[in-house]
Amino acid sequence: MTVPKKRLIFVLKAGVSIIVLTLIIANVDWNGVAKILKSANYLLLCLAMVLNIVERAELTLKWNLLIWARGIKVSFINLFFINFIGAFWGLFLPSSLGTDVVRGYYLVKSNSEKSVSISSVFVDRILGIFSLMLLGVIAVFLAGDLVSKINIKFYVLFTFVAIVIIFYFFQKEKTVYLINKLINKLKLKKISEVITNLHLSILEYKKYPKTLILSFIISVAVQITRVLTYYFIALSFNIHIPIFYFLLFIPIIMLIIMIPISIGGLGVREGTFIAFFALVGIAMNDSVVVSFTSSFINTLISALGGLIFLFYNSSHNKIEHKVEKSPVLENKINK
């Protein structure tokens, strides 16, 4: 009996997470960790939790801008709830993309236009990746010899260039029809129509450059807020690490955990955090406390989405939408 491919991939990802976490647990001085935890400044920890919520509010604002640009009128609080529900289900899904699927589902369920709803989630994700890549590239140049020890500069720059090239061809209208032809050759007409409509809907955002620029700026603000969250968590345990190192390493760590080799980045996030901060002389115990506390806070606040899920009723949160389609793209797709 053959093991289904999806199940096998899930098992492999779970294996990576378990192995990395086991190595960390086996090598940590838990008595030392306990002493650090006892020294916690709860006021600073509360501030870190507030910053986590601020980050979610920034993400909601960015998504709201993208939706409003396409003529979908949705209240900030409604979208904020949808983001929280997505974060809650993301705790149980094997990939960070699972959160995006849930967000798109709830936006569509709220009587929104399907292609616009899903494309807004895609554009939101793309802007997030580009903001991470930008900060990551800046970080590797500022770090100098620090990152040369692990030869990460080449990989970050290579990834950045590769993503820019992919994006260049992705935003070309000719690419839409090339992909359409390739899929049609496989006799998957329905899938071809879905992908083509979604791709064209994403390209509609080219008509709103100001919205894209503002959304990108908010994406950068999201990354900075995340860095501040880690920084205040460290301070709360009397761990004094220059904020520069957080600005340097966190974007790179976020990029690494997006690689689908573990369950939601579990284990890989903690392992890379320990490895990077060890480069600047931070003890493993300190890194473990900061990393695991950050994960705990994120999980705790995301769990609030479960309460929202229980009481949220999309039928009572109807979204007004008036989607304007591009005549140029419509004419091309009908040819």
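The values are calculated or read from the model by the stated rules, or taken from the named source; none is laboratory data. Note that the structure is predicted; figures quoted are calculated from it, not measured. Because the Cβ atoms are built from the backbone with ideal geometry, glycine has one as well, and the counts that use them run over all protein chains shown.
Do we have any residue at all in the range 111-122 that's at pLDDT below 80, surrounded by fewer than 18 Cβ atoms within 10 Å (Cβ to Cβ) and in contact with a helix residue (DSSP H, G or I) (Cβ under 9 Å, 6 or more places away or on another chain)? Among the residues of the range 111-122, at least one is at pLDDT below 80, surrounded by fewer than 18 Cβ atoms within 10 Å (Cβ to Cβ) and in contact with a helix residue (DSSP H, G or I) (Cβ under 9 Å, 6 or more places away or on another chain), which makes the answer yes. Whether a residue is small (Gly, Ala, Ser), assigned to a helix (DSSP H, G or I) and more than 30 Å from VAL288 (Cβ to Cβ) was assessed, and SER201 passes this test. For the condition more than 19 Å from the chain's Cα centre (by Cα), crowded, with 19+ Cβ neighbours inside 10 Å and within 29 Å of GLY136 (Cα to Cα), HIS240 does not qualify. Considering only residues of the range 193-214 that are out of contact with any helix residue (DSSP H, G or I) (no Cβ under 8 Å at 6 or more places or on another chain) and aliphatic (A, V, I, L, M), which is modelled with the lowest pLDDT? That would be VAL194. Against the criterion of being modelled with pLDDT under 80 and within 29 Å of ILE224 (Cβ to Cβ), LYS190 does not qualify. For the range 53-80, the candidate set comprises residues that are basic (Lys, Arg) and more than 16 Å from SER302 (Cβ to Cβ); within that set, the residue that is farthest from the chain's Cα centre (by Cα) is LYS73. Here are PHE92, PHE88: which of them is in a helix (DSSP H, G or I), touching a helix residue (DSSP H, G or I) at 6+ places or on another chain (Cβ under 9 Å) and modelled with pLDDT under 90? None of the others qualify; the one that does is PHE88.
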